[in-house]
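The values are calculated or read from the model by the stated rules, or taken from the named source; none is laboratory data. These numbers were taken from a predicted model, which means no experiment stands behind them. Here the Cβ is made from the backbone with ideal geometry for all residues, glycine too, and neighbour counts use every protein chain on show.
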Amino acid sequence: MLELADSGNGMRRVERYAIAPLPKDAVQEGAIAKTEVVEAAMREAWKLLDTRTRDVAMALPASSVITKKIMLPGSASEAEIETQINAEANQVASFPLGDVSLDYQILGPNAKNPAENDALLVLARRERVEERVALAEAAGLKTVIMDVDAFATLTAYEQMAFQLPDNGKGQVIAIVDIGANSTHVNVLLDNQMVYQREHALGGNTLTSEISRRFDLPLEEAEDTKRKGLLPDSYESEVLQPFLDSVAQEIGRALQLFFSATSFQRVDHILLAGGCAAIPGLDDVVHGKVQTSTLIANPFSKMAVSSHVKARQLASEAPALFVACGLALRRFDPA
Ligand SMILES: Nc1ncnc2c1ncn2[C@@H]1O[C@H](COP(=O)(O)OP(=O)(O)OP(=O)(O)O)[C@@H](O)[C@H]1O
Ligand SMILES: [Mg+2]
């Protein structure tokens, strides 16, 4: 959980954040598998956060939503838009519209036909949305925004674009978010998502290997890994092979992107997610994939409140990437 504040002059401030562990099987394929466990983790994180705010923005995984680019006549009335949105939704939804939560966003005039607006239609099973809202409520929180993790990734990226040559304009950016069980690859060009895919790759593999090699229970292995308190042999015998395999998988994921699209190159890789906190991963990826590689820190332009330890934030920033994109939503003009 992450709280951002407005610090004046259009600047944001990292007010506070908290990270609570979630057991491996608590959320499975986008569905909340163990409600009580997730609720307890949310309560714990909120308590650690030590805030008065109970309003939250949450995300659905991209795999739980259907998105479609549509065109809406610029002159359409609200009622006409609604009719068209429903017709479009009917075409793509594999379940009755009564069971669907949907929303759309006008993106701007269509390049070929300026009388029409490009719009993005997003729909999800109502159940997926409601289970999250109910969960937050059970943990004492109020859901104000329900976003999609891939969109939040895009929002967080916008905080980082200034670090790239020419603000990333015209460049193909692959955001590789390496979590515990899964890795999300989102490829952007000029702030538009051009490709997204989920791969089974994550830090749990490293935790399991530590547990096996050093004969530690999984929880302890996880803790020691994060604190970096392992014997000397760890780096060469366990960590290095893991980093090599991650770099190799990223290389494969990009090959897959090239074969699935007409793109032939990626200009920058941004590493996000908890695993991007592993020192040296950027160098290993850069060496293997021969592409400029950066560790994602969406806070580098923000102020940091005195509640927050700046050094710890710097190392945990990649894990807060999606949370940052969500927290930024509250600054949207209403
Ligand atoms: N300092 C660190 N050193 C090494 N690994 C770390 C560190 N911090 C976090 N991790 C690893 O990052 C992973 C968690 O990343 P993240 O918080 O992005 O996952 P998640 O989004 O919850 O998982 P998923 O996307 O798979 O659902 C875990 O495997 C954790 O061990
Ligand atoms: Mg993740």
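In the stretch 217-261, of all residues being outside any helix (DSSP H, G or I) and within 21 Å of residue 24 (Cβ to Cβ), the one that is modelled with the lowest pLDDT corresponds to 230.
State which residue is nearest to residue 21 (Cα to Cα) when the search covers only the stretch 178-199 and only residues that are touching a residue at least 12 places away in the same chain (Cβ under 8 Å) and out of contact with any strand residue (DSSP E or B) (no Cβ under 8 Å at 6 or more places or on another chain). The selected residue is 180. Return yes or no: is residue 39 crowded, with 18+ Cβ neighbours inside 10 Å, over 23 Å from residue 309 (Cβ atoms) and in contact with a helix residue (DSSP H, G or I) (Cβ under 7 Å, 6 or more places away or on another chain)? Yes.
Which is small (Gly, Ala, Ser) and surrounded by 17 or more Cβ atoms within 10 Å (Cβ to Cβ), of 89, 76, 111? Steps first, please.
Working: 76 fails: surrounded by 17 or more Cβ atoms within 10 Å (Cβ to Cβ); 111 fails: surrounded by 17 or more Cβ atoms within 10 Å (Cβ to Cβ).
When all the criteria are applied, what remains is 89.
Residue pairs whose Cβ atoms lie under 6 Å apart, separated by 6 or more positions or on different chains, with the first residue in the stretch 235-262 and free of Cβ contacts under 8 Å to residues at least 60 places away in the same chain and the second among the charged types (D, E, K, R), are 238/209; 238/213; 247/288; 251/288. For the stretch 146-157, does any single residue satisfy the condition of being part of a strand (DSSP E or B), in contact (Cβ under 8 Å) with a residue 60 or more places away in the chain and more than 16 Å from ligand 1 (Cβ to nearest atom)? Yes, some residue in the stretch 146-157 is part of a strand (DSSP E or B), in contact (Cβ under 8 Å) with a residue 60 or more places away in the chain and more than 16 Å from ligand 1 (Cβ to nearest atom). The number of residues in the stretch 284-334 that are within 16 Å of ligand 2 (Cβ to nearest atom) and touching a helix residue (DSSP H, G or I) at 6+ places or on another chain (Cβ under 6 Å) comes to 10.
Out of the residues in the stretch 262-276 meeting the condition of being assigned to a loop (DSSP other than H, G, I, E, B) and under 22 Å from the mean Cα position of the chain (by Cα), tell me which one is farthest from ligand 1 (Cβ to nearest atom).
Let us first name the residues in the stretch 262-276 that are assigned to a loop (DSSP other than H, G, I, E, B), namely 262-267, 273.
Subset that is under 22 Å from the mean Cα position of the chain (by Cα): 266-267, 273.
Details: 266: 21, 267: 24, 273: 4 Å.
Of everything passing the filter in the stretch 262-276, 267 is farthest from ligand 1 (Cβ to nearest atom).
Being near ligand 1 (Cβ under 9 Å from one of its atoms), among the small types (Gly, Ala, Ser) and under 19 Å from residue 237 (Cβ atoms) is the filter here, so list the residues in the stretch 199-220 that pass it. Matches in the stretch 199-220: 203 only. In the stretch 263-274, the residues that are farther than 14 Å from residue 294 by Cβ and in contact (Cβ under 8 Å) with a residue 24 or more places away in the chain form Cβ pairs under 7 Å with partners that are part of a loop (DSSP other than H, G, I, E, B) and within 16 Å of ligand 1 (Cβ to nearest atom), at six or more places apart or across chains, as follows: 274/179; 274/180; 274/203.
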